[in-house]
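All remarks here apply to the structure that follows.
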Ligand SMILES: [Zn+2]
């Protein structure tokens, strides 16, 4: 497997626009509901999966695409069902610079093998960066996870050329396990053709987990990932730059609170969005219990955050002009 460091950590970089979903304040139904139209924006984020771990509605598991000049450059997570949305959105596997994984719960990586299987038909030659947590005694590293799928002895060993430097049958995956212990809270992940991606460690119970910041065209997009209120590094990092879009996860009801330290409740989400001075807050990774308690969640967010809030659905598009 190639080392991520060998690769382009150089190069330079490059907002987002309206959502296709109703919002709390000032959002609008977009006239264009074609999921393939998102790429027509100079810069946009498209939600592939707006759901969480429980299959109780139409939503795919967490996954997002950053469109830059019509190309899908960064994919954040590949939750179960993202494979279907990947096709609906018209993503071309050849265009991806980076697949950035936040952590290894199934609602975030359950669609990865299907996306990679699809990619094996793309004819792509360019290597593809993949990043995610290093793992620990309990959980695999990113490279370990990918070996378990695509290693020669992996469950999907027929796709092993992805990890074989000597083979040109498939594009090589250039994997970086993000080490967070004793490292700066904000680490560079990608610098390529005007697209900068950094990562910030977050607290998600016992699971090594990351959030990501994508900067391009002078805009800043913050993907919080799954995180609890104990994510101090994240809070520090968000004060270092005002996000044009801030995606946070709507997983728990105000009645449930955060009994296991997995997610932020509405109050905590509002605090983080206010601290970041987010120009727009988008709630995604919805769980039914949180959606059923929407009024209370919104009221809690509003205790601290007064900016626009939107509720993402699968294939929602957020342009940044
Ligand atoms: Zn999740």
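Quick notes on this one:
- Of the residues making up region 82-102, those that are over 22 Å from residue 139 (Cβ atoms) and touching a strand residue (DSSP E or B) at 6+ places or on another chain (Cβ under 8 Å) are 85, 86, 89, 91, 92, 95, 96, 97.
- Conditions (1) in a loop (DSSP other than H, G, I, E, B); (2) surrounded by fewer than 19 Cβ atoms within 10 Å (Cβ to Cβ); number of the one not met by residue 296: (1)
- Count - residues of region 241-272 that are assigned to a helix (DSSP H, G or I) and either out of contact with any helix residue (DSSP H, G or I) (no Cβ under 7 Å at 6 or more places or on another chain) or within 16 Å of the ligand (Cβ to nearest atom) (or both): 3
- Residues located in region 160-181, provided they are in contact with a helix residue (DSSP H, G or I) (Cβ under 6 Å, 6 or more places away or on another chain) and within 19 Å of residue 98 (Cβ to Cβ): 162, 163, 170, 173, 174, 175, 176, 177
- The criterion of at least 1 residues that are away from the ligand (no atom under 16 Å from the Cβ) and more than 30 Å from residue 244 (Cα to Cα) is met, among strands (runs of 3 or more DSSP E) falling completely within region 105-217, by 173-178.
- Region 275-293, residues that are surrounded by fewer than 17 Cβ atoms within 10 Å (Cβ to Cβ) and more than 16 Å from the ligand (Cβ to nearest atom): 275, 277, 292
Where a number appears in this text, it was derived from the coordinates with a stated rule and is not lab data. As the structure is a computational prediction, the values presented were derived from the model and not from experiment. Using ideal geometry, Cβ is built from the backbone for each residue, glycine included, and neighbour counts are taken over all protein chains shown.
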